[in-house]
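Read the figures in this text as sums done on the coordinates, not as results from a lab. This structure is a prediction, so every number in the text was calculated from the model and none was measured. Note that we place each Cβ from the backbone using ideal geometry, even for glycine, and neighbour counts take in every protein chain shown.
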Amino acid sequence: FGFSGASDPGESLTGLFCEVDFASDREGAAREVASITRLENQEYEALVLAPLEKGLFEPDTVVFYGNPAQMMRLIMALVYVEKRRIDGNFGGKVECTEYLLAPFKTRSPRVVIPGMGDRIFSMTQDDEMVLSIPGTLLGELVRGLKTSGKAIGARYPVTFYQNFQPEFPKAHQELGKTLGIL
């Protein structure tokens, strides 16, 4: 809404929330809209998006899509280097501002559950989450991935616990003893 030209972007979004039943009343819609990270009109000229490997600029924000286990590993790495837990702000809609704008404005990482628009217009799948970070943290994230949980072998994909002795059914155990293999 910071690029829309609306005279009052917050009021426009509040009205939309009421119109499409994203809020039960105008007061609740206004309260939620006030908590959403957004730009004011003309605060910035443009928003440029590009794959990290193709961008010809230093990114202000880097966005990762992945499954919950991948996000867990990235978050673990960030907590290791940032020395604090990662924030999230959830509403089920208008989540793009939380991963595109919040890290840019707060200079802090953000965990997001993609909303309706992500799923409808960007084909985000049910098993995907989003983590976004300020571009300045990219090197630290890599360092955290190399170091966090190293002593216990933390990685992705997560390895399952395999240090147990399987117990065969009684008939198999008896046959194994008879054959001398158990």
For this session: Between V20 and V158, take the C-beta separation as r, use R0 = 41 Å, and let me know the FRET efficiency to the nearest 0.05.
Result: 0.60
For this session: Whole Å is fine, so just give me how far the alpha carbon centre of the stretch 40-113 lies from that of the stretch 122-157.
Result: 11
Exercise. Among Y80, Y99, Y156, whose mean-square fluctuation peaks in a Gaussian network model of the chain (Cα, cutoff 10 Å)?
Worked result: Y156
Problem set entry | Most mobile listed residue (F90, F168, F64) in the chain, GNM with C-alpha springs under 10 Å | F168
Exercise. Looking at the stretch 51-182, what % of its DSSP beta bridges pair antiparallel, to the nearest 5?
Worked result: 80
Exercise. Can you tell which of I152, I36, I86 shows the greatest fluctuation in a Gaussian network model of the chain with Cα springs below 10 Å?
Worked result: I152
For this session: Could you tell me the largest-minus-smallest coordinate of the C-alpha atoms of the chain on each of the three principal axes, in descending order and whole angstroms?
Result: 86, 40, 30
Exercise. Given R₀ = 22 Å, FRET efficiency for A151-K83 by Cβ-Cβ distance, to 0.05?
Worked result: 0.80
Exercise. Quick one: helix 68-82 against the long Cα principal axis of the chain, what's the angle to the nearest 10°, folded into 0 to 90?
Worked result: 70
Exercise. How about K150: which lysines have a C-alpha closer than 17 Å to its C-alpha, ignoring those fewer than 8 places off in the same chain?
Worked result: K83
Exercise. Quick one: helix 9-19 against the long Cα principal axis of the chain, what's the angle to the nearest 10°, folded into 0 to 90?
Worked result: 70
